[in-house]
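Quick note: the coordinates plus some simple rules give every number you see, no bench work behind them. Since this is a predicted model, take the numbers as computed values, not measurements.
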Amino acid sequence: MYQHQSIRLDYQEHIRLLCERYRINVGIINEPLDSFAHTRSRVIGVPIPNNALNYAIALHEIGHLVAPMFGSRIDCEIIAWNWAQDNALEWNKDMERIKQTGLNSYLKHIHDI
């Protein structure tokens, strides 16, 4: 098996194990920008974590359910992204870029209000 195929399988397996450990149900969605986490029902909707970006998004949504959330909406986003980074098998520049893009979109929204 090639290295990149092995990592992709590791991403999927890691998300599966985290969801099992934290009793989170997963719904697969097609559009990464539509990802979500519902705290009451403990459900996340994420794209298949078959690449670094989708893996980072899935970790982020899990972070919303398992990391202690407090403060404003942007505080919760920061906490979820930090949890994702701290619990990732790896964190690369593409994953950092999606994290920063996500945080910047919330900051822009807050600034526009």
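Relative to the present Cα-Cα distance, how much length would full extension add between LYS108 and ASN87 at 0.36 nm per residue of separation?
Taking LYS108 through ASN87 to full extension adds about 4.9 nm, to one decimal.
If you look at just the Cα atoms of the chain, how large are its Rg and its Dmax in Å?
So, for the chain, Rg and Dmax equal 13.7, 50 Å respectively.
Averaging sequence separations of C-alpha pairs under 8 Å and six or more residues apart, then dividing by the length of the chain, give the relative contact order as a whole percent.
Computed value for the chain: 20 percent relative contact order.
Give me the angle, in degrees from 0 to 90, between the Cα long axis of helix 52-66 and the longest principal axis of the Cα atoms of the chain, rounded to the nearest 10.
The angle comes out near 60 degrees.
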